[in-house]
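Comments concern the structure below.
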């Protein structure tokens, strides 16, 4: 039996970048002390969710994917022997920014990055002001805990990317998010379990908590947490996290279940890519 102890975090905005970085370092240390072998932080983990408004001052939160934040947490990953998924605001060059997750192995090696493909542009999710669409495909990273993929927030509404990650060999896919109440609530309950069952791998889905009123005033929304893991059958692994508290959600994932499920339901054998024409048409 191959069991991976995996963690995801949900927490509140502290009001400044420095304390947010310190908070997440402590979350990683606490998770490692609890035996976690891999951890994924929430979307844009060291800042507020600035998609609430359009303001160029938030461009200052962007830095290169090999910049000080990633270097700091790569060193921490090496110290703790902990695989880390770091959702950052990436600057490729001045004026070119991406919503990115950097994957770091347990020895501190930066394995690569995933850039969010699907960029929303709707009330209090004005992300096209901040991000270019991802252009690196759907990479899966061979880590100390297995094959890890990432799909970020709004991406989850698009089943094609989930399948790409499965075809690329993913065993665990992390879906860091910043999701507010409204239309998304029911989808949050449905989409990741459905994607896990359809693609037969584990998913860790984490969302922020709290209301960032001091940052955005009356425009602030209340993020509802409810982070969770689901297995390759679409079942919750343990309880769903609270809607209003900072938490580390840590679960044991038996990777042998993936083979068991795929031998029972041969979705990859029976798929018909030769017949799917409309889904790949622009």
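Before moving on, here are some points about what is shown:
- Residue in segment 221-243 that is in contact with a strand residue (DSSP E or B) (Cβ under 6 Å, 6 or more places away or on another chain) and at positive phi present: yes
- Count of segment 1-33 residues which are outside any strand (DSSP E or B) and either within 22 Å of residue 60 (Cβ to Cβ) or out of contact with any helix residue (DSSP H, G or I) (no Cβ under 8 Å at 6 or more places or on another chain) (or both): 20
- Unmet requirement for residue 74, which otherwise passes all of (1) more than 13 Å from residue 44 (Cβ to Cβ); (2) crowded, with 18+ Cβ neighbours inside 10 Å; (3) in contact with a helix residue (DSSP H, G or I) (Cβ under 8 Å, 6 or more places away or on another chain): (3)
- Selection within segment 1-23 - surrounded by 15 or more Cβ atoms within 10 Å (Cβ to Cβ) and touching a strand residue (DSSP E or B) at 6+ places or on another chain (Cβ under 7 Å): 4, 5, 6, 7, 8, 9, 10, 11, 12, 13
- Selection within segment 159-187 - surrounded by fewer than 22 Cβ atoms within 10 Å (Cβ to Cβ) and part of a helix (DSSP H, G or I): 159, 160, 163, 164, 167, 184, 185, 186, 187
- If the condition is being buried (at least 20 other Cβ atoms within 10 Å of the Cβ) and part of a helix (DSSP H, G or I), then segment 206-256 contributes no residue at all.
- Residues satisfying the stated conditions in segment 119-134, i.e. closer than 18 Å to residue 88 by Cβ and either in contact with a helix residue (DSSP H, G or I) (Cβ under 7 Å, 6 or more places away or on another chain) or in a loop (DSSP other than H, G, I, E, B) (or both): 119, 127, 130, 131, 132, 133, 134
- Neighbours by Cβ (under 9 Å, 6+ apart or cross-chain): first from segment 36-63, on the phi > 0 side of the Ramachandran plot; second modelled with pLDDT under 95 and assigned to a loop (DSSP other than H, G, I, E, B): none
- From the list 108, 47, the lone residue that is in a loop (DSSP other than H, G, I, E, B), modelled with pLDDT of 95 or more and more than 18 Å from the chain's Cα centre (by Cα) is 108.
- Of all residues in segment 135-158, those satisfying the criterion of being surrounded by 18 or more Cβ atoms within 10 Å (Cβ to Cβ) and part of a helix (DSSP H, G or I) are 153, 154, 155, 156.
The values are calculated or read from the model by the stated rules, or taken from the named source; none is laboratory data. Here the structure is a predicted model, which is why all the values come from computation and not from measurement. Don't worry about glycine lacking a Cβ; one is built from the backbone with ideal geometry, like all the others, and counts go over all protein chains shown.
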